[in-house]
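Enquirer: Quick one: the structure is below, and I'll ask about it shortly.
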Amino acid sequence: MFAPKNVIAYTVTDLPPVHDLEAALREHIFKPRGASELSRSGWAEPAPDVFAEETLVVDSNGMLLITLKEQEADLKGSVVREALDERVALIEAEQSRKVYRKEKLQLKDEVILDMLPRAFNKTRTTSALINPAGGYIFIDASRHTKAENLLNQLRQALGSLKVALIQTLHPLDTVMTTWLQGASMPKGFALEDECVLIDPMLEAGRIAAKGQDLLSEEITAHIAGGYYVRRLALEWMQQCRFVLHSDLSIHRLRMVDEYRDQLDAEAPEDVQAAILADVWRWNVQLTQLTTELIAAFGGSDYQLAQETDGVAA
């Protein structure tokens, strides 16, 4: 069963047809790291060994899934430092001189090159759900740097990519703070039992609450003292739970148990059909969830979000 764990949403326009997207990704297909390379990346099958033919774009009635695969040499810093120290010590002993910083940097590069052929590989994948008609791309990533890496690789494959990070009219931390002060929650949303509060006046002013009533006097007292909400755990439509961050990113996304049981009971027995159903459902649900979140925070600020061929800051 396919299910994203974290979601960073972007708007996207002017994507090519699916067969052109498949062909573009195939020009940048993943190949294993060479013995002298630090890393390699490329596009891989989102559902290996499920479809009859190698498929880089899973297409479920216009809802898409793609996967970026990255492989890098697992060179632990401590191992590299130990080998470098040994080489520096040998030079200083044999040549009776001090090895300074500039030479150490050169020696470090040599040490890494020597170690690369024997290094183990560390492999990871990043997936993205795409709703071309709805104008969204949802990247399963907890950090923006990881999400933007996928977008940059997609831009390289396509030659151009009109994408923008979503910006809302009202700041999320301000609105989420009002919810803990008793303001009405948007329809379909409910508070869970977890939040992170920040004091803007203190660098270390951070309070993490978990397993607590977020409308309790203890929490509201901190807010009255100047704290505001940076992260907030929510439930949506009795279908999923997640932690919403103030940059609109969704973390620790998971289905409500009853809803997951219902989906499991209805899931097709055929693996291929099950993957296609997951891709369709998650695209539809994330499109609805993102649209409702944008509305909850005053709508999209298109002036901030506008970007012609890159990722908005």
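Enquirer: Report yes if some residue within segment 2-23 is without any contact (Cβ under 8 Å) to a residue 24 or more places away in the chain, open to solvent by 70 Å² or more (accessible area, probe 1.4 Å) and closer than 21 Å to Gln272 by Cα; otherwise report no.
Expert: Looking through segment 2-23, at least one residue is without any contact (Cβ under 8 Å) to a residue 24 or more places away in the chain, open to solvent by 70 Å² or more (accessible area, probe 1.4 Å) and closer than 21 Å to Gln272 by Cα.
Enquirer: Let me ask another. So, in segment 132-178, how many residues would count as being over 17 Å from Trp43 (Cβ atoms) and either touching a Cys at 6+ places or on another chain (Cβ under 9 Å) or assigned to a helix (DSSP H, G or I) (or both)?
Expert: Qualifying residue count for the region: 9.
Enquirer: Does any residue of segment 128-143 turn out to be open to solvent by less than 70 Å² (accessible area, probe 1.4 Å), over 30 Å from Gln167 (Cβ atoms) and not β-branched (Val, Ile, Thr)?
Expert: Checked against the condition, which is being open to solvent by less than 70 Å² (accessible area, probe 1.4 Å), over 30 Å from Gln167 (Cβ atoms) and not β-branched (Val, Ile, Thr), segment 128-143 yields no hits at all.
Enquirer: Pick from Met237, Met185: which is open to solvent by 10 Å² or more (accessible area, probe 1.4 Å) and either of a type in the set (Phe, Trp, Tyr) or in contact with a Gly (Cβ under 6 Å, 6 or more places away or on another chain) (or both)?
Expert: From the options Met237, Met185, the qualifying one is Met237.
Enquirer: With the checklist (1) farther than 30 Å from Gln288 by Cα; (2) not small (Gly, Ala, Ser); (3) not in a strand (DSSP E or B) in hand, flag the one item Arg40 doesn't pass.
Expert: Unmet for Arg40, out of (1) farther than 30 Å from Gln288 by Cα; (2) not small (Gly, Ala, Ser); (3) not in a strand (DSSP E or B): (3).
Enquirer: Is it the case, given these coordinates, that Pro186 is touching a helix residue (DSSP H, G or I) at 6+ places or on another chain (Cβ under 6 Å), of a type outside the set (A, V, I, L, M) and outside any strand (DSSP E or B)?
Expert: Yes: the conditions hold for Pro186.
Enquirer: Looking at this structure, is Leu191 buried (at least 19 other Cβ atoms within 10 Å of the Cβ), touching a Phe, Trp or Tyr at 6+ places or on another chain (Cβ under 9 Å) and in a strand (DSSP E or B)?
Expert: no
Enquirer: Just one of (1) touching a Ser or Thr at 6+ places or on another chain (Cβ under 9 Å); (2) closer than 30 Å to Ile294 by Cβ trips up Phe30, so point out which.
Expert: All conditions pass for Phe30, except number (2).
Enquirer: Which of the residues that make up segment 53-74 are under 19 Å from Ala35 (Cβ atoms) and open to solvent by 40 Å² or more (accessible area, probe 1.4 Å)?
Expert: Once the filter is applied, which keeps residues that are under 19 Å from Ala35 (Cβ atoms) and open to solvent by 40 Å² or more (accessible area, probe 1.4 Å), segment 53-74 yields Lys69, Glu72, Asp74.
Enquirer: Another question, if that's okay. Which pairs have Cβ atoms under 6 Å, sit 6 or more apart or on different chains, and link a residue in segment 128-144 that is aromatic (Phe, Trp, Tyr) and modelled with pLDDT of 95 or more to one that is open to solvent by less than 10 Å² (accessible area, probe 1.4 Å) and part of a strand (DSSP E or B)?
Expert: Listed by first residue and then by second, the contacts come to Phe138/Val7; Phe138/Leu129.
The values are calculated or read from the model by the stated rules, or taken from the named source; none is laboratory data. Bear in mind that the values here come from a model prediction, so they are computed numbers and not experimental data. All Cβ positions, glycine included, derive from the backbone under ideal geometry; neighbour counts span all protein chains shown. Heavy atoms of the whole protein, side chains included, go into the accessibility calculation; ligands, DNA and RNA do not. Shrake-Rupley method; radii C 1.70, N 1.55, O 1.52, S 1.80 Å.
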